Amino acid sequence: MAEAATGATAWRSRARAFADREIRPVAAAIDRDDRIPDGMLAALARERFVGLGIPGRWDGAGGDVRATAAVLEELARASAAVAVTLSVHLAVCARPILDHGSDAQRERYLRPLARGERIGAFALTEPGAGSDAAHIATRYRRDDGDFVLRGTKMFTSNAVSAGTILLFATHDPALEGRGISAFIVAPGTPGFSVSQRLDKLGLRGSETTELVLDEVRLPGDALLGSEGSGLRIALGALAGGRVGIASCALGVAEAAFETLRDAVRDDPVDWKRIRLARAFAELSGARALVALAAERADAGASSVPDASVAKLVASRAAVSIASAGVEIAGPSGARADAPAGRLYRDARVFPIVEGTTEIQELILGRALAGPPDEPNDN
């Protein structure tokens, strides 16, 4: 365990230096211009951050969950948009291909993702299906050994820049979750289009798009896993990704805390000191839970409740501390270009992405209560 912690420490130091050098000088522009600068993804690839958690056999950088969490946290302190872009690439695109793909699929898709030659995206949510993923309406049918897809995806991260998209469709909506399969899609495939890029309150530099699939024909080897296993793959990816998103939220909470502390130092009246103390308690709890979730994931323990509570608490801490920063900064904090305002806008996204607050509470409630009519030893 000490060796793993040392590895995470080294990755953290590397990410902190990268954030100071590459991200902080352009953080305001990322928020203002609604995009990550050209060259940022290549810079992340040079540092090998895009291959974290992927074995060297597939050209990855190795590293465990604690290392990945440390990197995402440090990047998010400088820009949540950059950190979330990386988290999506790693957790809900590259990792499912590693876990469920054939060696041929890993060779074709995972190696370029691990090297940073492609960025990964994840397309599950639809205009009529968000948290209730079992009821997606994007359809696929078989045709001469190929798969043909038709439908619309909404709130898809990274899709503009993506070279590989993990996308989910159902053979028959009446089957609900049992009819869903996972497909690896390359942008540029005939019939595939990004219909619009969505303007968001926060995480402005993180691409969020609507996708349209109009008779998109995919070869048989585009299927990830087996037919009907798509919902399991999607939910597993999201569960694993929650440690990453919690780490991003923690990074925003830390940046907001530093902004808040600077403001209180300039005007150290008692009520502001009390709010700073409350923020410190919120931050400390979030930090401990994110660390525990990453540690348990590395130990191979059942990490679903740990990831959910880490994501829940870190998201709430980010919003609460960032909100206090805006209030204490006064009128200047409400300006669009103010650091406090940017941090608040970014923080407000985290209770929604990769499972809303209510979904995390539902997951935790089910885990804590145990199956119906059975004793609960917790």
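Can you tell me which residue within segment 90-120, out of those that are under 17 Å from LEU72 (Cβ atoms) and in contact with a Leu (Cβ under 7 Å, 6 or more places away or on another chain), is surrounded by the fewest Cβ atoms within 10 Å (Cβ to Cβ)?
Restricting attention to segment 90-120, the residues satisfying the condition of being under 17 Å from LEU72 (Cβ atoms) are 90-95, 113-114, 116, 119-120.
Among the residues that remain, those that are also in contact with a Leu (Cβ under 7 Å, 6 or more places away or on another chain) are: 90, 92-94, 116, 119-120.
Numbers: LEU90: 27, VAL92: 27, CYS93: 29, ALA94: 31, GLY116: 20, ILE119: 26, GLY120: 30.
Once the filter is applied, the top-ranked residue is GLY116.
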Practice prompt. Could you figure out which of (1) out of contact with any Leu (no Cβ under 8 Å at 6 or more places or on another chain); (2) surrounded by fewer than 16 Cβ atoms within 10 Å (Cβ to Cβ) isn't true of GLY179?
Written response: (2)
Worksheet item: ASP33 passes all but one of (1) touching a strand residue (DSSP E or B) at 6+ places or on another chain (Cβ under 7 Å); (2) surrounded by fewer than 22 Cβ atoms within 10 Å (Cβ to Cβ); which number fails?
Response: (1)
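Farther than 30 Å from ARG342 by Cα and among the acidic types (Asp, Glu) - does that describe any residue in segment 71-93?
Here is the first cut: in segment 71-93, the ones farther than 30 Å from ARG342 by Cα are none.
No, segment 71-93 has no match at all.
Quick check on this structure: which one of ARG296, ARG335 is touching an Asp or Glu at 6+ places or on another chain (Cβ under 8 Å) and either modelled with pLDDT under 80 or farther than 21 Å from ILE30 by Cβ (or both)? It would help to see each step written out before you state the result.
Details: ARG335 fails: touching an Asp or Glu at 6+ places or on another chain (Cβ under 8 Å).
Going through ARG296, ARG335 in turn, just one is touching an Asp or Glu at 6+ places or on another chain (Cβ under 8 Å) and either modelled with pLDDT under 80 or farther than 21 Å from ILE30 by Cβ (or both): ARG296.
Out of the strands (runs of 3 or more DSSP E) lying entirely within segment 121-238, which hold 2 or more residues that are hydroxyl-bearing (Ser, Thr, Tyr)? Show your work before the answer.
On the way: elements: 139-143, 146-157, 164-170, 180-185, 192-197, 208-218.
Per the criteria, 146-157, 164-170, 192-197, 208-218.
Given ALA288, ALA301, which one is assigned to a loop (DSSP other than H, G, I, E, B), surrounded by fewer than 19 Cβ atoms within 10 Å (Cβ to Cβ) and out of contact with any His (no Cβ under 8 Å at 6 or more places or on another chain)? Lay out the reasoning, then the answer.
Numbers: ALA288 fails: assigned to a loop (DSSP other than H, G, I, E, B).
Every option except ALA301 fails the conditions.
Looking only at segment 133-153, which residues are crowded, with 16+ Cβ neighbours inside 10 Å and either over 19 Å from VAL212 (Cβ atoms) or at pLDDT below 95 (or both)?
ALA133, ALA134, ILE136
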Worksheet entry | When residues of segment 262-285 are limited to those that are surrounded by 15 or more Cβ atoms within 10 Å (Cβ to Cβ) and not small (Gly, Ala, Ser), the one nearest to the chain's Cα centre (by Cα) | LEU283
Response to the item:
Residue pairs qualifying under the 9 Å Cβ cut-off, at least six apart or on distinct chains, with the first in segment 156-176 being among the charged types (D, E, K, R) and the second being part of a strand (DSSP E or B), are ASP172/ARG139; GLU176/THR170
Response to the item:
If we ask which residues in segment 318-363 are part of a helix (DSSP H, G or I) and either of a type outside the set (Val, Ile, Thr) or out of contact with any helix residue (DSSP H, G or I) (no Cβ under 7 Å at 6 or more places or on another chain) (or both), their number turns out to be 27
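One line per residue, one yes/no per condition, for (1) in contact with a helix residue (DSSP H, G or I) (Cβ under 8 Å, 6 or more places away or on another chain); (2) at negative phi; (3) modelled with pLDDT of 95 or more:
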{"residue": "GLU227", "(1), (2), (3)": "no, yes, yes"}
{"residue": "GLY230", "(1), (2), (3)": "no, yes, yes"}
{"residue": "ILE233", "(1), (2), (3)": "yes, yes, yes"}
{"residue": "ALA237", "(1), (2), (3)": "yes, yes, no"}
{"residue": "ARG275", "(1), (2), (3)": "yes, yes, yes"}
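Looking at ARG197, ARG204 in this structure, which one is in contact (Cβ under 8 Å) with a residue 24 or more places away in the chain, within 30 Å of ALA314 (Cα to Cα) and either surrounded by 22 or more Cβ atoms within 10 Å (Cβ to Cβ) or acidic (Asp, Glu) (or both)?
Values: ARG197 fails: either surrounded by 22 or more Cβ atoms within 10 Å (Cβ to Cβ) or acidic (Asp, Glu) (or both).
Within the list ARG197, ARG204, the selection yields ARG204.
The values are calculated or read from the model by the stated rules, or taken from the named source; none is laboratory data. If you're wondering where the values come from, they're calculated on a predicted model, not measured in any experiment. For neighbour counting, all protein chains shown are included, and Cβ atoms are generated from backbone atoms with ideal geometry for every residue, glycine included.
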